[in-house]
Every structure is written in C-alpha cells, then in structure tokens.
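Here the structure is laid out as structure tokens; the discussion comes afterwards.
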Amino acid sequence: MTNAHRFKSTVVGLWAMGALVFFIVVLTASTARTANEAAAQSATPGDYVGNEACKTCHEVEFNRFSGTPHAHMAESKYDSDMKRGCENCHGPGQAHVLSESKRKEAMDLGQTVPDYDGSLIVSFKNKGPKTISETCLKCHAGMGEEHGNYRRGDHWRNDVGCVDCHEAHGMPLPKDRTGSQTLIETATAHKIDSDSRVMLKATEPILCITCHSEVRSQFTMPHRHKVLEGDMVCSDCHNPHGGFEQKQMRLSTGVDQACVKCHSDKQGPFTFEHAPLKLEGCAACHTPHGSSNPKMLRRSNVTQLCLECHTETQGIGAPNTPSFHNLASPKYRNCTTCHVMIHGSMSHPLYFR
Amino acid sequence: MGKKYLPVILVVLGLGTVAMDVRAQDPSDISPDTIGPYSVTSSIEVGVRGVKVEGDIDKYRSDLNYQPGFQFMDSSFLLEAGKDGGPLFDSLLVKVTGWDSDPNGYLRVSMDKLDVYRFDTTVRRFNYYNSLNTIALGQHVDETVNTIGDVNLVLMPQNPKFKINLDYAFNRKDGPTLSTYDFSRDEFPVFAPSRSRSDTFSAGFDAKLGWLDLSFLQGYRTFKDDAEFFITQPQAGNSGPIVLSFLNTFNRDAPQRGHVNFSRVNAHAFLNNMVDITGRVIYSNAKSESTLFESLSGGDFTGALIGLNQIAAFSESERPTWFADLGISVLATESLTISNTFRYNRFEINGTNDEVIQTIKTAPAASFTELEEFFSRMTRYRQFSNTLELDYMFHPRVSAHVGYRYTDRSNDLESLEFDPADPGEIEPEIETFDNRTNTFIFGLRAKPIKNFWTVYFDFERGEADNVFTRAANYDYTNARIRNIIYATDELTFNLSATFRNNDNPTRTDDVPSVDFGTSTESRMFSASADWVPNSKVALSTGYTYSRITSDSVVVFFFNFQKKQGVSEFYSRDQFAYINVNAQVHDRVGLFGSMRFHNDSGAGDRVPPGPETLIAGYPYRYVTPEVRLSIRLHDRIDFIAGYQYYDFEERFKNLGVVESARVQDYNAHLPYASLRFYFGRRE
C-alpha cells in the first residue's frame, strides 16, 4: 500500500468513525426542540382543554383560525396532532386556563390579582424566527419535497421564519380597494387567492417584494416576465422554502432549469447544443426578471453579448468569430440573424437551421 | 372574443349567475352569502378597454400588446363549506384575470375535499409579439399564442402516512413567425410558423415510514415541434444586388420529436429533534430526434443557377442526467446549527446528425453534386459541490452564519465530422475543461430596535465557474444589505443596497502580458415606503437605482483585420413609483399611480475607435394610471380608468438611418368595467 493510499484510508476511516460516534450520540440523545414539544412530552390527556376554552378569551384569533386549513384538520379522519387545534402549537392549556380563571375571579372580586405566569402556556413572543419555525416544521418538514430543505435554505439562513410570510391564525381580508388594472400593487395585496389558502400574509408577488423591493423595478421594465400582471408568481420559479438549487430555484422535468417548464422548445437535447444552455444556464445570457433589452438579454447589443464569450482566449473555450465576420457590416453585428437556432440545432453545427 | 376561451369565461360567469340565482329564488329563506352548504365570497370584474397608439406600433406590441375589447380584471369566486364540509368539495376557488383583449390570461381553479383530494389547475395564455429593430435586423418577428397549463391532484392530502400526487402539465405554442435563412453568403427572410407542443405527466407518492419521510415521483414528458420554413415568392437576400444569390423557391420541414423520462426519490428524516437529513436522487433521460427535408431553387453567389438543392438530414440526441444531493443539518444547541450540503451532478449530451446534400446546377453548365456528412457531438459534464455552514443565534434578535463552498467541475466537449468524400483519418476533437472554486459566505441578521428595525446582511466572496468565456474562474464579491423599518403600525420603510463585482483575472501570454479579462460591476439601491394610515388611504412609493458597468477585452474582425478591443456596457436605470389609494367617499374610491424608468445607458460616451464597442439602452418609460371606482349598489361597482404609456429611446448623435429606426411610442388605454360582489366584499 502506498503512502497516498494509506493516507486516504486513514482519512476515510476517521470520517467513518466520527460519523458512527455522531449518530450514536444523536440516536441516544433525547431533546425537545420546541417549547410546545417539551410541554407535550410531559402532558397527559387531561391537560388539554380544547379550542372552545381558548375561544372564551381569544375570540378574534379563534374566529380567524376557524376558517384555516389548520382548523379543518380537526375534522380529518386521520389521527394527527393538529386535532388539538390551538394546543398543538401552544401546548396543553389546562394550567393556563385555571390560572387565568383565578386571576379573572380575583379581578372581579377586587382582590389582589396574581402575576401572569407565562410558563403555563407556550407563547411565541420574544422567540427567534428559527425557534418559532421549529414548531411549524414539526408537521411541515415531513412528507414531500417542498419543505424538506428549509433548515438549509436562504430564508432560514437569514432568519426569515415561517410566520414572517404565513399567518398561522389565518388572515382577515381587508376591505376591497381599487388598484392597478395591469400591475398588482401593494394596497390590493390582500385578496381572495390561492395564497390566502396557504395562509400567506399577502398575495404573491407583493409579499415577496415587501423585502425584495429591488426586483419591482425589473418587473416593470419593457421586457419582463408577467409577474406584476398577476400571470406568474415568484414561487413558479423559486421555492421560498429552500432547496438544493442556488437562489432557491425550482427544477423542471426532474433536472432541468425552471425556465424550460414553459419554454419547452429550449429543453433539447440538441445534437448541436449551445454549450451554455445546459452548462451555464439561461441566466448566462438573459436576465430573468426583466430588462430593457429585447428578449431580456444581458446586453442591448447582441454582438457584444456573443463576442464576450466568442473571443480568442488562448484557444480555449468558445470559438472565435471567423475573419469574414466583418463588424463594420450591420449583418455581422446581428449574430442571430443567421444563427437563428442559437439555443441549439438538431441539424446544423452553427445553428443556422 | 376568442372562441377557444369562451368555455372558461362561461364557467366563471356561470358560477356568478348561480350565486345570483340563489339570491333571486327566495331572499327571505336563503342568506345572500350562501349557496347550499357553502358560503360565497366573490368579486367578478368585467370591462372593456380602448387603445390608441402613436409611434412605433411594433415596439408597443412587443412591450405591452394590449388590444381594444373585452377582458376580465382581477376576479375571484370562492365557495367554502362549513365545518361539516360539502358533498363534492369543501372549497372551490376560481381566479380569472385577463383573456380576450388582454395579451395575458390567467385562470386558476382550486378544489379540495378533506381527507379525499386537493385539486389545483392553472391555465395561462400569453399573446406574445416581438418585432424589434434592435435584434436580428428587425427581421425576426413573432406573433405566437403560448398556452401553459398545470393540473395537480393530491389524493388523501391529510393522510399523515401516505398520499398520492398526480400531475399533468402542457405547453402549446402556435402562430406566425418570421426567420432568416442563411444561403450562399446572403440572408433571406422566410416564413416560419411555429407549432410546438409538450405534455408532461407525473405520478408519485409521499410516505412516512417510521422516522423516514419518503417521496417518489415518476414523470414523462413528450415534446413535438412541427417547424416549417418557406417563402411564397422569389426572394432577394438582405444584401440586394451586391451578392448574386437569390431564392426562387424554398421549403423546409424540420419536425422534431422528443421525450423525457425522469424519476426522483427524496428522503427526509429529523433524528431525535437534532439532525435534519434530506437526500435526493434524480435520474432523467431526455431524447430528441428530427428529420429535416429542405429544397430550394435559385442562384448562388457565383451567379450559377440552381435548379434544385435538396438537403435530407436525420438527427438524434440523448441526454442522461444524474443528480444526487445530500443535506445534513445538526441543530447542535438551541443557538448553533451546523449544515452541510453536497451535490453530485453528471450528464452527457450525445448527438448525431447524418445529412445528404444534392445540388443540381443548370447554368452556366449542368452539374450534379452530392455531399454526405456525418456529425457527432458529445458533452460530458460532472460536478461536485459541497457547502459547509455554521449558523449561530447570539440573541433572539441577533444571529449570524458563516460558510464555505467548494466545487469541482469537469467538462469534456468532443466533436467528430466525417465526410465520405474524404475518408482520411478521423480523429475526434476533444476539449477538456476542469475548474475548482472556493467561496466564503457570511450573513448577519439583527433587530437593533425591537419591533422597529431589522437588518439583513449577506456577503459572498469567492469564485464562479467559468468554462467558456475566459481562461480563469471569475472572482466575485456579492454583498447585500437590507433594512426594514416599521416606523409605526401604519408606516414601513425598506432600504436595500446590493453590490456585485465580477472580475476575471485572465492575462495574455504576451511579454509583458496584458489584461485579457472581463469585469462587471452591478450596484442597486432601493428605497420604498408603505403608508396605510387608515382603512381609507394607502400610499406606496419607492425608488430604485440600478447601475451596471461591464467591460471585456474582445477579439474580433473589423474590415477583415483582427482587432483586440474592448466591449463596454452601461446601464444607469432610475426607477420610481408611487401608488395612492383613497376612499374619498363611502361610494367613491380613487387610485392613482405613476411608474417611471429613466436609463441613461452609456451616456455621452463615444467610442474612440473601432476597437471599442460601447453599448447601453438609454430610454425613458413613463406610465401613469388613474382609476375611479363608484359603488352603484351594495354589490356593483362601476369603474373607469385610464392608463398612459410613454416610451422614448434616448440615443444621442444618431445618424439619419438610425433616427428612422427609433422605436418611440405613446399609448392611451382608457377602460371601463363593472365589478360584481357576491357574499361579503373582499
């Protein structure tokens, strides 16, 4: 065995041992991630009081919650923690109800009112977004791919928690307002939509633009994807809950970029495929949100867009233009006039047909 | 009204009519907010629009394409059953916007029945028009209708152990387009009507097996494109008499067929509330094949007459792809999380093209030539990527993360050309590119003042993959800071800045070596404010400045002389908007908005010589809109509005020819509509 092999074997062995020790620790440890989980672990069935008891004091929240998919889970024939309603997230309420009843009684009788004991019910006040999100992930990180990478996503990393976008109690719909006919704008962000069904605080894309304000300008440029018009939403292309792709992009047909879901004629494979199509991605040449340049290209002048790759780089990479491509002539300044199948061609190595 | 979409529109109007009928039957017995077991919440707005365009109609249509006539404004219809549910569905939501005179159309139908199914379907239509003189000499015109649909059905959606997912998606693209045919040293505009279809079917399940969440998806997509290219009369090329070639007849059929099989397995576990593991494997195999037949007659650049030139080609291509991903997050303590994300990506593109070209020349001497060629292309790609990150919460209001990403990419491009007339030694050309990148990641999030000010900061410094454009990787630095200030419950500010530097350190082999790199700087500053002082007034305003400066050393030919020059691109876009909503009276609502873009592009910069290519797209785009809403009845609003679009290119020092190609326009779009409310108002 050579020294190199020995070194590799040692590294692999150490990794394997480390992983083994790590998993033994993990599997033997017992941790409650969230406060409600800790409360639930030590609770008995008698500690739960049911939603109606909560309604006595929290009627506004109860009424809003009643119309949500969360509340409907109580009617499901399948057994799940969500049947507990409020107490699924806030923990068993028996002690809280008793304590608050005594406080109210004392108040009514004019007696000294005991201090509020916040430890008797799980509250999310003063909790960090990640901690709050753990409560949601208890149910939502599970089946399906949508939320499975949330703990490694850009939003999680930046402390954008579930309740920054979703309202767990459901959103009341404000009064109707007139708004732009062709471009969604902030004042009309709350309306009946599929977004309200997933308890978003506002409809897409306004919800996203609230933080990502700079993309609004791109979506109002002359050439743009019709997002502010309401024909597309951010989550058509991005998975806000994270994922393995950079910029939280979605994939199409298993492994392709989200773009080809709609632009299926660019999917290929082509016999003569323009290499950046798959290797660099559509954004190598296009700005996907919007642009003042036609076809949402990165350059206003197609020649420059092409030349910046097709230039002589020590014989490496994209081929240079041939000598008869005289840039003094307009026809050679409009590359795609001849290279019409620029994304890829089945029958021509230079994308002429 | 487009007959294709009449059923869609009738469905929505029908639903509205049902609601109205229910009320009409016996108002004393039936609550106006219910139909059977369902509560109704709906507003449907239908109206007409007028359009008057002055200036470049092609540019207007390429940007906006609104036509006069009927359209839906943002409309929705929601039926919701109470606690006991409904017979066929518990809730039904229909959303519709656009269609007919609107270049965009959107329809969404969502239904669900507790424990049984959840159904969502979306259909979108885009009337796409593109005819711009800034691309392909203004000869590539598209006027297509693109229809895109998704249907998704989840069975047993509330089942915590097992659910089934069934999906169908389709794309349709039809319509006339113009293209160009490159023949014998000239270019000929040709008709190229577009007709492509794709259909994607997928089925899978999500299951919970003990501590393991398992998902599986199997999908299949078919694609077909019946592209056709032809001319209807003898055609001179772009060069006119300078080049002798011409076409008398031209016809090409190039149908393409393709399909993709893809399988995805996704597993997730959260072990002991401490370790989050997600693994995913995807395999996809995409295949395409095409048979091309082309025939033409005319004359070539030498002046020879061509009685018949025929090309027959058969091409096929295959692309198997593997993705394997593994993400592990260890929630070591309540404050500390350690994550590692690994990706393996491998694919090949293997394509061949076998073609025969027969040419019969009739003058100056009759001749027949036949040329057979075989081409093969192979691309092999493999990438590893690993990202290690630590996230620490110092305080519920302060947290930070650091990370490191490493990628290793290998790429082979192989090409082979075989000409039977010259069957000498055949050696494929192979190019291999390997590169590795290292990236450092840092982020901070803080709430310096509780419930008032939140700061997000992201920073990445490292290298980006760069196989083709330059010899070395790009060095990049990205930084972003975002402040959200909740000044009061009614007033919110957002202040953001984004910085991106992308530099390529390549230098030539000359002695002394000179810069052969490229550099792109992108800056974006954005500020916005939302003020909602009460339920009657809302104001939203903002400003964004985007600045892009790019320069690349390029090599090209100018008057057949090789030049090493510089390609520069400039964008200096200022965007401002203001939207005001005001309920000026119980029955009268007013909306006003203004959107403004002003990009000075390259400004006054003038190329010092032919070696310098300078580009930018200076323009001004102003879009005011006003909208008046009058409540005629508790359930009917009358709405009248007006939009104006003013687009102006602002190139300086244009010559006579360029001035004639300026694409300015202004468009007046008045409209009027009625909005019907059923159930409570939104």
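The values are calculated or read from the model by the stated rules, or taken from the named source; none is laboratory data. Just so it is clear, the structure is predicted and the values come from calculations on it, not from any experiment. Neighbour counts are summed over all protein chains in view; Cβ atoms, including those assigned to glycine, are modelled from backbone coordinates with ideal geometry. Keep in mind that these areas ignore ligands, DNA and RNA; they rest on the heavy atoms of the full protein, side chains included. Shrake-Rupley method; radii C 1.70, N 1.55, O 1.52, S 1.80 Å.
Summary of computed values
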read-out: Hits in the stretch B:136-145 - residues which are on the phi < 0 side of the Ramachandran plot and open to solvent by 40 Å² or more (accessible area, probe 1.4 Å); value: B:Glu143, B:Val145
read-out: Selection count, the stretch B:42-70, where residues are touching a Gly at 6+ places or on another chain (Cβ under 6 Å) and within 22 Å of B:Val145 (Cβ to Cβ); value: 1
read-out: Contacts under 6 angstrom Cβ, first residue in the stretch B:514-530 being at the interface with another protein chain (Cβ under 8 Å from one of its Cβ atoms) and free of Cβ contacts under 8 Å to residues at least 40 places away in the same chain, partner in a strand (DSSP E or B) and crowded, with 19+ Cβ neighbours inside 10 Å, 6 or more apart; value: B:Met524/B:Ser546; B:Ser526/B:Ser496; B:Ser526/B:Thr544; B:Ser528/B:Asn494; B:Ser528/B:Gly542; B:Asp530/B:Ser540
read-out: Residue list for the stretch B:432-452, restricted to those being surrounded by fewer than 16 Cβ atoms within 10 Å (Cβ to Cβ) and part of a strand (DSSP E or B); value: B:Thr432, B:Asp434, B:Arg436, B:Asn438, B:Phe440, B:Phe442, B:Pro448, B:Ile449
read-out: Residue within the stretch B:551-559 that is more than 9 Å from chain A (Cβ to nearest Cβ), more than 30 Å from A:Leu228 (Cβ to Cβ) and in contact with a strand residue (DSSP E or B) (Cβ under 9 Å, 6 or more places away or on another chain) present; value: yes
read-out: Residue match in the stretch B:183-190 (condition: in a strand (DSSP E or B) and surrounded by fewer than 18 Cβ atoms within 10 Å (Cβ to Cβ)); value: no
read-out: Residues within the stretch B:325-339 that are more than 26 Å from the chain's Cα centre (by Cα) and part of a strand (DSSP E or B), tallied; value: 9
read-out: Yes/no for B:Ala602 being in contact with a Phe, Trp or Tyr (Cβ under 8 Å, 6 or more places away or on another chain) and either outside any loop (DSSP other than H, G, I, E, B) or at pLDDT below 90 (or both); value: no
read-out: The stretch B:572-588 residues that are within 14 Å of B:Tyr621 (Cα to Cα) and more than 9 Å from chain A (Cβ to nearest Cβ), paired with ones that are part of a strand (DSSP E or B) and basic (Lys, Arg) (beta carbon under 6 Å, 6 or more apart); value: B:Arg572/B:Arg547
read-out: Residue among B:Asn248, B:Asn238 that is open to solvent by 20 Å² or more (accessible area, probe 1.4 Å) and not in a strand (DSSP E or B); value: B:Asn238
read-out: Set A:Lys138, A:Lys102: member being of a type in the set (Lys, Arg), part of a helix (DSSP H, G or I) and assigned by TED's automatic domain parsing to the domain that holds A:Ser66; value: A:Lys102
read-out: Residue within the stretch B:569-578 that is farther than 30 Å from B:Arg523 by Cβ and either open to solvent by less than 30 Å² (accessible area, probe 1.4 Å) or part of a strand (DSSP E or B) (or both) present; value: no
read-out: Single condition A:His96 does not satisfy, out of (1) crowded, with 18+ Cβ neighbours inside 10 Å; (2) within 34 Å of the chain's Cα centre (by Cα); value: (2)
read-out: Count - residues of the stretch B:212-223 that are in contact with a Ser or Thr (Cβ under 8 Å, 6 or more places away or on another chain) and either crowded, with 16+ Cβ neighbours inside 10 Å or outside any strand (DSSP E or B) (or both); value: 4
read-out: Some residue of the stretch B:647-658 being out of contact with any Asp or Glu (no Cβ under 8 Å at 6 or more places or on another chain), modelled with pLDDT of 95 or more, outside any helix (DSSP H, G or I) and facing another protein chain (nearest Cβ under 10 Å); value: no
read-out: Filtered residue count, the stretch A:141-155, keeping only those that are within 8 Å of another protein chain (Cβ to nearest Cβ), open to solvent by 10 Å² or more (accessible area, probe 1.4 Å) and in a helix (DSSP H, G or I); value: 1
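Residue-wise test of (1) within 10 Å of chain A (Cβ to nearest Cβ); (2) at pLDDT below 95.
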{"position": "B:Pro234", "(1), (2)": "no, yes"}
{"position": "B:Pro241", "(1), (2)": "no, yes"}
{"position": "B:Ser245", "(1), (2)": "no, yes"}
{"position": "B:Lys287", "(1), (2)": "yes, no"}
{"position": "B:Phe293", "(1), (2)": "no, no"}
